[in-house]
Amino acid sequence: MGRALGLVAAAAAVLAALLLSPFVLEDISGSKGVDWNRLSQVGAAYGFTSAIVSALALAGVAASLVVQNRQARAEQVQGIRSYYLELVRLELDDMALYQPVWGATDIADPHDRKRHVYADLMMNYAWMGFEIGTIREPLLRDMLAGMFSGEAGRHYWSRAQISWTASSSGSRIGRRFLAIVDEEHARAVAAGPPSRRPSRLVHLTCPSPEQRPHGGRQSAP
C-alpha cells in the first residue's frame, strides 16, 4: 500500500510541475505581457505527457484501493479462522460434551475422535500456509507423505475429503491444494498398508512456520 501511495504522490507532483512550469518560466525570465496564444501552443506540447501522468495517477489510486480491499479481506478471513480455532479448542477440551454438536459420527473411540480433530487442525494449517505462500509445494508434499503413512491420517482424509472439496474447490489455489493432497494420499495408499507406528504427524506441533511449517483446516468429525 505504501508503494501505491508513493506512486500517486509522485505522479501528482509531476503533474503539478507540468501545469505550473509556464508561470515559473515567466517569473524566472522576468518577462511580462507574454503572448498567451503562443504560450498555449507551447503548453499543448505538454498534453501527451500530462495524459500519461494522469493515467499513472489514476492507476496508482486504483492499485491502492485494490491493496486496501485485499487487506480488509485478509483481516476478515483471519478473524474467522481465529474464531474457528477457539471452537476447536473447546471441542478438544471436552469431546463428550461438544462433539455431538457436529452431528452423528462413525468414530466410536474417543481417542480416534481427538486424532481426527487434531489431523483436521494440521490440515487447516497446511492449507493456510500454502494459501499465503509460507508453505511451498515440496514442504506440503513432505508433510502429507508423513500424515498419510499412518492409519489416522488416511482415515481422516477418507472422512473429510468431500467437505474439503466443497469448501476449497472454488479457487485456483484451492483446487491445486486439493490436487496435491489427493496425489499424496493416492501415493501413500499405493505404497501399502498404513503404519500403526506414530507417524511424523506427532512432530508437527513444534516447529515454527519459518523452520518446518506443516498443516491445518477442518471438516466436522
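Within region 69-187, the proportion of Cα pairs with more than 17 Å between them is 60 percent.
Express in nm, to one decimal, how much length is gained between Glu75 and Ala63 on full extension, taking 0.36 nm for each residue of separation and deducting their alpha carbon distance. Walk me through the numbers before you get to the answer.
On the way: separation 12, 0.36 × 12 = 4.32 nm, distance 1.84 nm.
Working it through step by step, the gained length comes to 2.5 nm.
Please give the net charge around Ala74, taking every other residue with its beta carbon less than 14 angstrom from that of Ala74, where Lys and Arg add +1 and Asp and Glu add -1. Mind dumping the intermediate values first?
Details: positive: Arg70, Arg73, Arg81; negative: Glu75, Glu131.
That works out to +1.
Ranked by the mean number of other Cβ atoms within 10 Å of their residues, highest first, the peptides 179-190, 104-115 come out as 179-190, 104-115.
Under the Kirkwood approximation applied to all pairs of distinct alpha-carbon atoms, what is the hydrodynamic radius of region 89-131 in Å? Write out the running numbers ahead of the final one.
Working: mean 1/r = 0.0893 Å⁻¹.
This gives a value of 11.2 Å.
FYI, it's all coordinate maths here, none of it is from the lab. Keep in mind it's a predicted model, so treat the numbers as computed, not measured. Counting neighbours? That spans all protein chains shown, and the Cβs are built from the backbone with ideal geometry, glycine included.
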